[in-house]
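Read through the structure below, which is laid out as structure tokens, and then see the notes.
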Amino acid sequence: MTIASAPGKIVLSGEYAVLFGAPAICMAVNRRAVANVSASPDGGCHVTTPGFSGEGSFAVINAVCGSERPASNIDLDTRAFSMDGRKVGIGSSAALTVALVAASNNSIDVYAAALNAHTTLQGGAGSGIDVAAAVHGGLIRYEMSSRNVRTLRWPDGLHRRVLWTGVPASTGAKLRKLAEQNARPSRAALGLVAAQMADAWVSGGAEKILSEYVSYVDVLRQFSVDHDLGIFDAGHDELTDAAMVSNLVYKPAGAGGGDIGILLGQNALELDDFVAEHADRVHGIVSCELDPDGVRLEPA
């Protein structure tokens, strides 16, 4: 029996722009997918999937193992990625893919193999940032073209709350929609502000980071409108405006249109007051912390 786990992720900046060469910032979170692989006595491939219905479970196995399914009992546990029975949107498919690659190979040296497997699973879409976070853990700066990962330190004095809209969103659908469109000026502008945003995160200063988000969010909004992506739907738009009034930063995390958003500020009490004041727009708070660990093998 081999057990491996890998963390979920939250994209902090560079969403969409990472597909066009801009750097992105992402944090691994301590909600982990777990893959348990053991020998099958009857030679068949048997799969259990606590955390989801099981639909698509063999797609993950095929992406990792190829068309010849292994003679194994495989348990794919993604319960940590749901609230009230619905997915939260913190990278369960990438984390599960990474964990299964690690468990199948009894190794955590899985970055290249996991990237290939997850690309297959997504039909060639996606940047690989969620795989990078699941493999490496921590706070990272990521570039798609080189697959380069740089580990960063979380800035002192920067506080966060992860808010759930209660509305599941499809990243794949948004990526497909974007791929079908011609580039508009806001696409290049988003790449520029994403690079500035990444530089601010690398500098490690909370005040600089929050300041840079003002223009970043403006450009991301225009990018969403220009490409009809609905990134700020499902309550994100209202929370973004309300945070600005309160001198805080709020933005959708990742593809947007539902799933989660992140609230940032320099005073933890102000964040809690904001959440309480806007409780009618916040479906829930996702309890999670920055996970310094990436993929790991667990005791059997």
Looking at this structure, is SER215 out of contact with any Gly (no Cβ under 8 Å at 6 or more places or on another chain) and at negative phi?
yes
Over 18 Å from ILE10 (Cα atoms), among the acidic types (Asp, Glu) and assigned by TED's automatic domain parsing to the domain that holds ASP259 - does that describe any residue in region 108-130?
no
Within region 25-80, tally of residues that are at pLDDT 90 or above and of a type in the set (Asp, Glu)
3
Pick out, from region 231-300, the strands (runs of 3 or more DSSP E) lying fully within it that include 2 or more residues that are out of contact with any Pro (no Cβ under 9 Å at 6 or more places or on another chain), of a type in the set (A, V, I, L, M) and surrounded by 16 or more Cβ atoms within 10 Å (Cβ to Cβ).
260-265
State whether one or more residues within region 216-234 are closer than 17 Å to GLY21 by Cβ and aromatic (Phe, Trp, Tyr).
yes
For region 166-177, does any single residue satisfy the condition of being basic (Lys, Arg) and not in a helix (DSSP H, G or I)?
no
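The values are calculated or read from the model by the stated rules, or taken from the named source; none is laboratory data. Just so we're clear, the structure is a prediction, and the values are computed from it rather than from any experiment. Using ideal geometry, Cβ is built from the backbone for each residue, glycine included, and neighbour counts are taken over all protein chains shown.
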